[in-house]
Amino acid sequence: MALIKPTNDTGSASTNQISSIVSTSTATGKTIFGLNSHKEKGTWILDSGAKDHVVSSLNLFQSYEKINPITINLPNGMKTKATHKGVIQTYDKIILKDVLFILDFCYNLISISKLVAHNHLCLTFNNTVCSIQDMTTNKKIGSVNSHASLYIFSDSNNIQQHLNNSANIHQICKVRCNNLWHNRLGHMFDRRLDILKQKYHCIDSRFDKCNACHSAKQKRLPFPSSTAYALHPFDVIHVDIWGPCSVVSLHSHKYFLTIIDDHTRYTWVHLMKTKSETRQHLIHFIAYVKNQFKTTIKVIRSDNGSEFNMHDYYKTEGIFHQTSCNETPQQNGIAERKHQHLLNVTRALIFYCNISIQFWTYALNYATLLINIMPTPFLQDSSPYDRLYKKDFDISRLKVFGCLCYVSTLQANRKKLDPRAKPSLFFGIHPTTKGYITYDLDKHDIKISRNVIFYETDFPDKNSTIADNLHVPLPLNNNQIVL
């Protein structure tokens with residue numbers, strides 16, 4: 001019988017040899033090559049010594065692909081080349097994989113070792129017949145008769161019936177592409193095609209590039225998670241603008257500028273009525289860092305917003321300005337994720353106490369404070385406040401945002417029978433004054449006071465928002481503050 005094997009010991013696949021072990025009448029292989037009665041394209045010879053399946057007609061393939069030509073030495077001294085390999089289905093449950101196509105070869109050989117390995121079959125031989133049994137069901141699925149010392153069977157009808165549809169494709173295309181099953185299954189992803197291949201062995205999951213898939217499905221490349229961060233505070237800061245908000249705040253703010261220190265992840269928020277205020281806020285922040293922390297900002301990272309284009313100023317201060325690519329906010333991911341975190345906490349504060357959305361700036365400032373004192377896994381469960389100021393925050397100052405409180409009235413202009421306290425709402429902690437920010441429910445204005453009694457489980461008119469009775473805010477006086 002025929003055997004395909006390398007002719008050298010180096011494992012090279014560039015040259016193979018078909019040697020003969022055909023019959024006792026010859027050792028040269030001439031007998032098998034003279035059996036003209038077995039040249040039909042549906043005739044197969046079981047070969048116990050063959051390393052690979054071999055066919056001489058492309059029409060037998062269910063799918064195939066071109067390969068680098070492999071030189072084959074024939075027993076008659078001639079040489080030929082295998083140019084394709086693919087998948088063939090004979091009986092319904094017999095799949096032949098990696099079948100080599102040799103145009104000049106006269107016969108179709110089935111490698112018994114590959115047949116058994118790929119199809120979970122059991123072959124039983126006697127002097128007249130070979131029985132093929134499915135090891136999964138223990139059912140006999142076919143037999144091969146012995147003829148002239150060869151086990152030969154003809155499966156032309158089964159093969160042709162199975163390949164009718166494929167034959168039509170061949171008549172049109174002549175050469176079948178690797179993308180056949182990919183195209184048949186609606187341009188399925190390769191991983192899902194591999195899963196189907198485990199159930200349907202006839203599927204060839206290998207395919208080349210597909211222009212239709214690129215046009216229809218291509219997404220942006222994933223962004224790797226950054227593992228690098230600044231070694232010292234203010235070596236790198238991230239800046240970004242959020243807005244405009246659909247609801248203008250009590251004091252006409254629509255935007256806010258976010259600044260994050262890369263090393264400590266401490267966050268500053270600056271409220272703005274227009275984006276044009278960005279430049280002034282950045283200049284003030286750079287001066288604030290110099291004076292309060294005795295250091296300088298080395299790198300500012302932002303998107304390509306024109307508000308951050310201050311190249312002459314950056315050069316004067318020795319600051320390197322890094323920007324993201326156009327329409328690529330992921331490269332400024334720290335600021336983008338910080339916005340998401342800030343807004344999540346802000347919404348929670350507003351929804352819980354059911355205040356008007358006009359007060360979103362006060363909720364935002366309080367959310368910023370809470371986030372700065374929260375432990376974070378990025379800092380090994382330390383907080384940004386601890387890292388920046390090297391001390392713990394006094395959490396006894398925290399109260400439930402929006403809760404009812406009573407603020408002592410000032411003695412000036414207070415008569416003996418006037419109320420000593422006014423009902424108010426808690427709106428935060430003042431950053432530079434030892435006092436609480438409150439909203440007077442009677443006068444509808446903002447006050448700062450340290451003389452406050454809190455009722456943290458009470459929320460005035462929680463079933464209806466304060467906005468129902470909210471008047472136009474009074475002009476700010478010296479006792480009011482804009483955040």
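The values are calculated or read from the model by the stated rules, or taken from the named source; none is laboratory data. Computed from a prediction, not measured in an experiment: that's the story for all the values here. Cβ coordinates were reconstructed from backbone atoms using ideal geometry, including for glycine residues, and neighbour counts include every protein chain displayed.
Data for the structure
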item: Some residue of region 321-339 being within 30 Å of PHE459 (Cβ to Cβ) and within 24 Å of the chain's Cα centre (by Cα); result: yes
item: Count of region 234-249 residues which are farther than 26 Å from THR296 by Cα and either outside any loop (DSSP other than H, G, I, E, B) or in contact with a Pro (Cβ under 6 Å, 6 or more places away or on another chain) (or both); result: 0
item: Pick from region 378-409, criterion among the basic types (Lys, Arg) and assigned to a loop (DSSP other than H, G, I, E, B), ranking: surrounded by the most Cβ atoms within 10 Å (Cβ to Cβ); result: LYS399
item: In region 45-59, the residues that are within 23 Å of HIS147 (Cα to Cα) and outside any loop (DSSP other than H, G, I, E, B); result: ILE45, LEU46, ASP47, VAL54, VAL55
item: Filtered residues of region 101-116 (kept if charged (D, E, K, R) and either touching a residue at least 60 places away in the same chain (Cβ under 8 Å) or not assigned by TED's automatic domain parsing to the domain that holds LEU74 (or both)); result: LYS114
item: Residue match in region 97-118 (condition: modelled with pLDDT under 80, within 15 Å of PHE61 (Cα to Cα) and of a type in the set (Lys, Arg)); result: no
item: Residue within region 138-158 that is charged (D, E, K, R), modelled with pLDDT of 80 or more and surrounded by 13 or more Cβ atoms within 10 Å (Cβ to Cβ) present; result: no
item: Residues that are of a type in the set (A, V, I, L, M) and exposed (fewer than 14 other Cβ atoms within 10 Å of the Cβ), drawn from region 103-127; result: LEU103, ALA117
item: Single residue of LYS290, LYS275, LYS298 found to be surrounded by fewer than 16 Cβ atoms within 10 Å (Cβ to Cβ) and under 34 Å from the mean Cα position of the chain (by Cα); result: LYS298
item: Scope region 273-287; condition touching a Leu at 6+ places or on another chain (Cβ under 6 Å) and not hydroxyl-bearing (Ser, Thr, Tyr); matching residues; result: HIS281
item: Qualifying residue in region 329-337 (condition: touching a helix residue (DSSP H, G or I) at 6+ places or on another chain (Cβ under 6 Å), closer than 30 Å to ILE446 by Cβ and small (Gly, Ala, Ser)); result: no
item: Enumeration of residues in region 306-356 that are under 22 Å from PHE234 (Cα atoms), among the aliphatic types (A, V, I, L, M) and modelled with pLDDT of 90 or more; result: MET310, ILE319, LEU342
item: First in region 117-138 and touching a residue at least 12 places away in the same chain (Cβ under 8 Å) and in a strand (DSSP E or B), second anywhere and basic (Lys, Arg) and surrounded by fewer than 11 Cβ atoms within 10 Å (Cβ to Cβ), Cβ under 8 Å, 6 or more apart; result: GLN133/LYS139
item: Qualifying positions in region 312-328 - within 22 Å of TRP242 (Cα to Cα) and of a type outside the set (Ser, Thr, Tyr); result: HIS321, GLN322, CYS325, ASN326, GLU327
item: Qualifying helices (runs of 4 or more DSSP H) (wholly inside region 308-374; at least 2 residues being crowded, with 17+ Cβ neighbours inside 10 Å and in contact with a strand residue (DSSP E or B) (Cβ under 8 Å, 6 or more places away or on another chain)); result: 333-353, 360-372
item: Residues within region 62-113 that are part of a strand (DSSP E or B), over 41 Å from the mean Cα position of the chain (by Cα) and farther than 15 Å from ALA50 by Cβ, tallied; result: 4
item: Odd one out for ILE453 among (1) farther than 26 Å from LEU343 by Cβ; (2) not in a strand (DSSP E or B); result: (2)
item: Members of region 377-426 that are without any contact (Cβ under 8 Å) to a residue 24 or more places away in the chain, in contact with a helix residue (DSSP H, G or I) (Cβ under 9 Å, 6 or more places away or on another chain) and among the basic types (Lys, Arg); result: LYS391
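Quick grid of which residues meet (1) in contact (Cβ under 8 Å) with a residue 12 or more places away in the chain; (2) touching a strand residue (DSSP E or B) at 6+ places or on another chain (Cβ under 7 Å):
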site	(1), (2)
CYS245	yes, no
LEU250	yes, no
LEU257	yes, yes
ILE260	yes, yes
HIS263	yes, no
LEU271	yes, yes
LYS290	no, no
THR296	yes, no
